[in-house]
Amino acid sequence: MQSRAKAFGHAVHPMLIVFPLGLLTTAVVFDVLHLVTDRPGFPVAAAYVIAAGVIGGVAAAVFGLVDWLAIPAGTRARRVGTLHGLGNAVVLVLFAVSWLLRAGTAEWVPGVWALVLGFAGLVLAGITGWLGGELIERLGVGVDDNAQLDAPSSLSRHTTPRHKPA
């Protein structure tokens, strides 16, 4: 099935997800750099990129929801898409709470819980990113009208071609 939300012939959701994923990852890098160097600029930078990443994630989610609603119910693709979307919603909540915990501190210095939430969000984003890859690469969602929406997992020993034979 082709993506329902396109710009200039390409699906919008995959174009948008690179921004929140990169920004939120960068926030964790800034947190690690702050822990290692204790330089005051890193927490401030992390707070700004978390805010931008959460906003970008919400924008990407809107287009992801549009595509998810077009996936037929009862398919593996729908189940994987549900886990992908819900998992990413949790990622955004984890980072948003991490941001809120920083907001009350001097110079945005994160406490232990703000760091834990950011690190957990990054790990979960890796898992949900894999699920998004499964949707596109294995199941063909958003790519091909002849998608195999019930293909087995990429981790399965059994393989099924993504495209139906002509």
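The values are calculated or read from the model by the stated rules, or taken from the named source; none is laboratory data. In this text, all values refer to a predicted model and were calculated from it rather than measured experimentally. Cβ: placed from backbone, ideal geometry, glycine included. Neighbour counts: every protein chain shown.
Key figures
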| item | result |
| --- | --- |
| Filtered residue count, the range 3-60, keeping only those that are touching a helix residue (DSSP H, G or I) at 6+ places or on another chain (Cβ under 6 Å), at pLDDT below 95 and either more than 22 Å from Ile136 (Cα to Cα) or of a type in the set (Gly, Ala, Ser) (or both) | 3 |
| One residue from Ala59, Ala46, Ala51 being out of contact with any strand residue (DSSP E or B) (no Cβ under 7 Å at 6 or more places or on another chain), more than 17 Å from Leu122 (Cα to Cα), of a type in the set (A, V, I, L, M) and part of a helix (DSSP H, G or I) | Ala59 |
| Of all residues in the range 61-110 being at pLDDT 95 or above and among the charged types (D, E, K, R), the one that is nearest to the chain's Cα centre (by Cα) | Arg79 |
| Restricting the range 89-122 to residues that are outside any helix (DSSP H, G or I) and of a type outside the set (A, V, I, L, M, F, W, C), the residue that is surrounded by the fewest Cβ atoms within 10 Å (Cβ to Cβ) | Gly104 |
| Residue match in the range 31-41 (condition: part of a helix (DSSP H, G or I) and buried (at least 17 other Cβ atoms within 10 Å of the Cβ)) | yes |
| Count of the range 67-79 residues which are surrounded by 16 or more Cβ atoms within 10 Å (Cβ to Cβ) and of a type outside the set (Gly, Ala, Ser) | 6 |
